Amino acid sequence: MEIFILKDYKESEKKCSIISLKGKPGIDFLDRLKFDEYDFSGMLLLHPDGEPIIKIKKGEKILLVDSNWRKARKMYTRLEQKFHLKKIRVDGFKSAYPWKAGRPDNGLCSIEVLWVLSLLAGKRDDLLFQNYKWKKEFFEINKIK
């Protein structure tokens, strides 16, 4: 699995749960300001209205929009208009992140959804949570050992 993260350049790096993943193999950060330069064809788009996914196949390319929910909706619209990507979502997990308003019921923060994707790909990667403040709470509310 390869993850492409379309990151909002205005998002605070201090609050960002995934910034520590820069340089990690299999994860590519894309610049939202260069949106029109990228070809997202063939990628699966993580989207709160997507089809539930229960397994990630080897070689899948997944696009994650990393932004607040209001801005993410705008980016989803641009992606849908330009690239007709298949939308997927992860279900069955609750976020431990202390959200402000606007989060969909099934919304996870970026690092949480990346962890779940690693689980669905058959390669649980707890190192993704290395710098995540709410790791313990996430495991507790989701009954993960």
Can you tell me the FRET efficiency between His84 and Ser20 if r is taken as the Cβ-Cβ distance and R0 is 41 Å, rounded to the nearest 0.05? 0.80
What percent does the relative contact order of the chain come to when contacts are Cα pairs within less than 8 Å and at least six residues apart? 26
How far apart, in nm, are two points set 7 Å out from the Cα along the Cα-to-Cβ line at Lys61 and at Trp99? 3.0
Helix 69-82 sits off the longest principal axis of the Cα atoms of the chain, rounded to the nearest 10 on a 0 to 90 degree scale, by 40
Under the 7 Å Cα-to-Cβ spin-label approximation, Arg73 and Phe35 lie apart by a distance in nanometres of 1.5
When each of Lys58/Lys143; Lys24/Lys58; Lys24/Lys57; Lys34/Lys133 is checked by Cα-Cα distance, pairs over 25 Å: Lys58/Lys143; Lys34/Lys133
Using only Cα atoms, tell me the angle between helix 110-120 and the longest principal axis of the chain; keep it within 0 to 90° and round to the nearest 10. 80
If each DSSP helix of 4+ residues adds -39,500 (n - 2.57) and the sum is divided by the residues in the chain, what number results at 222 nm, nearest 500 deg cm²/dmol? -6500 deg cm²/dmol
Check which residues have an amide H placed less than 5 Å from Leu44's amide H, if you skip close sequence neighbours. Lys61, Ile62, Leu63
Derived scalar couplings ³J(HN,Hα) [segment 42-58; Karplus, 6.51 cos²θ - 1.76 cosθ + 1.60; whole Hz; x for Gly, Pro]: x, 7, 9, 9, 5, 8, x, 9, x, 6, x, 10, 10, 8, 9, 7, 4
Given backbone amide H placed at 1.01 Å from N, residues whose amide H is under 5 Å from that of Leu30, ignoring those fewer than 5 places away on the same chain, are Ile5, Leu6, Lys7
Among [x] 14.3, 42; [y] 15.7, 56; [z] 17.0, 62, which one is Rg and Dmax of the Cα atoms in Å computed from these coordinates? [x]
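None of the figures in this text is laboratory data; all of them are computed from the coordinates on show. Since this is a predicted model, take the numbers as computed values, not measurements. So basically every Cβ, Gly included, is an ideal-geometry build from the backbone, and we count neighbours across all protein chains shown.
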